[in-house]
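The values are calculated or read from the model by the stated rules, or taken from the named source; none is laboratory data. Owing to the predicted nature of the structure, the values given are computational and were not obtained by experimental measurement. Note that we place each Cβ from the backbone using ideal geometry, even for glycine, and neighbour counts take in every protein chain shown.
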């Protein structure tokens with residue numbers, strides 16, 4: 001493998017493409033187990049460079065504040081309150097532009113490597129309004145008003161970043177505009193990581209002593225991330241992640257993650273033990289909230305750094321790399337430099353706000369995941385996500401060219417870099433990624449309900465559809481469900497049987513099933529029901 005060439009699958013991709021679904025599933029899942037996505041080494045260098053630019057951007061904007069921005073005395077200012085505030089605002093802007101989560105090849109973006117502003121500043125692109133169908137704000141196409149709202153938000157962010165101090169007057173437009181953007185296009189609130197950055201910005205504006213509230217936000221991120229992994233799904237995540245990490249490219253190690261490779265790809269005892277790593281995610285917020293700057297705090301900070309370095313080293317699909325960097329920085333600022341700031345000292349308005357944002361919404365997101373984004377519920381990388389598969393009959397995917405967009409069809413993107421065989425091998429691995437997760441094992445049961453012969457259809461994961469249609473994808477299946485299908489159908493006019501979609505919801509807390517819906521783009525609902533997760537645990541990623 002050269003620096004630019006992906007790892008080739010252990011089969012002829014063009015021959016694999018012609019095989020029956022069950023045989024394809026078995027081949028690609030076995031390939032994922034040993035190869036992961038097969039990402040070229042040069043791609044990891046690009047992501048490393050992007051992280052450096054992210055940190056450099058924060059340093060640059062800190063330089064607009066007196067006494068800050070000099071590398072020679074960075075130890076004197078990097079833990080100043082204004083430095084942390086600018087880190088939050090800069091992170092929000094970085095994500096809104098499209099440079100953060102959901103960018104690059106590890107999210108199915110090649111040419112161009114990002115969506116973001118290429119879509120959000122362009123009238124006529126597809127959007128997902130919160131109140132679909134409402135006059136003026138509920139249309140499926142972005143208007144000049146929508147783009148102006150996005151542009152004004154960017155201007156407000158820059159205005160704060162270049163200011164010497166972070167004031168109420170500079171924060172106010174940001175905390176108002178971001179929810180407004182989320183109303184006209186719910187994608188944008190999620191892109192800006194509203195559950196973290198907007199919530200923290202609201203704490204900034206609600207109290208002069210905002211550090212206790214900001215600590216509550218940070219602690220909640222860790223707690224709910226750990227809580228959401230207390231399920232049957234996460235052991236498979238451990239397997240998928242280990243098989244894809246650039247630092248675990250050892251065949252013997254990857255085989256150890258499975259019960260009996262290649263026949264049984266269920267998680268091995270080693271993977272289940274690794275599942276207990278969620279104890280660290282619980283330990284970090286508990287220790288840091290309890291600590292007062294002494295040994296307990298030091299242990300908590302050490303575990304926190306280990307946790308996020310582990311995530312960063314795995315370079316997970318979706319690449320939330322910059323988010324992990326600011327989580328580490330926030331840990332040192334909030335719980336290291338301000339260990340004595342008690343959560344109990346929050347004012348009543350801030351306390352009510354954080355209870356709603358950090359307890360009520362995440363709890364509802366676990367109990368009723370169909371109603372709350374997994375990001376707002378802070379259910380990060382738990383393996384229990386809503387997802388979809390889109391099946392285009394023959395060449396009907398070309399109807400997507402009617403959409404106004406910056407990203408072409410995935411194979412057209414890859415054609416700039418690779419030949420057809422290599423491209424099919426790459427996209428095929430996305431099928432493997434989906435099937436290898438526990439929730440993906442529902443697909444061998446659902447695909448026959450959706451189409452008579454899947455071999456007649458082009459299979460595309462909903463993440464890739466969202467990426468080219470709305471300009472952002474980050475594991476949020478609610479961004480490529482029926483609402484996106486309606487928006488696309490209104491522009492592309494697929495005929496009966498030309499486009500079939502399988503939508504699978506997350507498993508609710510306390511219930512053993514995954515709800516699914518199967519739609520035809522033209523005729524509507526075909527089938528709906530539930531799949532028992534206990535049954536999926538007994539299955540392979542293919543039908544025996």
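Annotation: of all residues in the stretch 50-73 being in a helix (DSSP H, G or I) and at pLDDT below 95, the one that is nearest to residue 103 (Cα to Cα) is 71.
Residues that are out of contact with any strand residue (DSSP E or B) (no Cβ under 7 Å at 6 or more places or on another chain), in a helix (DSSP H, G or I) and closer than 18 Å to residue 314 by Cβ within the stretch 15-41 comprise 32, 34, 35, 41, listed in sequence order. Selection of the stretch 410-423 for residues being in contact with a helix residue (DSSP H, G or I) (Cβ under 6 Å, 6 or more places away or on another chain) and either surrounded by 18 or more Cβ atoms within 10 Å (Cβ to Cβ) or in a loop (DSSP other than H, G, I, E, B) (or both) yields 410, 414, 423.
Looking only at residues of the stretch 64-76 that are free of Cβ contacts under 8 Å to residues at least 60 places away in the same chain and crowded, with 16+ Cβ neighbours inside 10 Å, we find that the one that is farthest from residue 337 (Cα to Cα) is 69. For the stretch 95-105, the condition of being over 23 Å from the mean Cα position of the chain (by Cα), in contact (Cβ under 8 Å) with a residue 60 or more places away in the chain and under 28 Å from residue 46 (Cα atoms) holds for none of the residues.
Every residue, every condition in (1) under 25 Å from the mean Cα position of the chain (by Cα); (2) part of a helix (DSSP H, G or I); (3) modelled with pLDDT of 95 or more, yes or no:
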| residue | (1), (2), (3) |
| --- | --- |
| 217 | yes, yes, yes |
| 242 | yes, yes, no |
| 272 | yes, yes, no |
| 278 | yes, yes, no |
| 293 | no, no, no |
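For the stretch 244-264, the tally of residues that are surrounded by fewer than 21 Cβ atoms within 10 Å (Cβ to Cβ), out of contact with any strand residue (DSSP E or B) (no Cβ under 9 Å at 6 or more places or on another chain), touching a residue at least 60 places away in the same chain (Cβ under 8 Å) and not in a loop (DSSP other than H, G, I, E, B) stands at 2.
If the condition is being over 25 Å from the mean Cα position of the chain (by Cα) and over 23 Å from residue 301 (Cα atoms), then the stretch 312-352 contributes 347, 348, 349, 350, 351, 352. Would you call residue 31 under 28 Å from the mean Cα position of the chain (by Cα), surrounded by 14 or more Cβ atoms within 10 Å (Cβ to Cβ), at pLDDT below 95 and within 24 Å of residue 435 (Cα to Cα)? No, not satisfied.
Determine whether the stretch 93-101 contains at least one residue that is modelled with pLDDT under 95 and part of a helix (DSSP H, G or I). So far as the stretch 93-101 goes, no, none of its residues is modelled with pLDDT under 95 and part of a helix (DSSP H, G or I).
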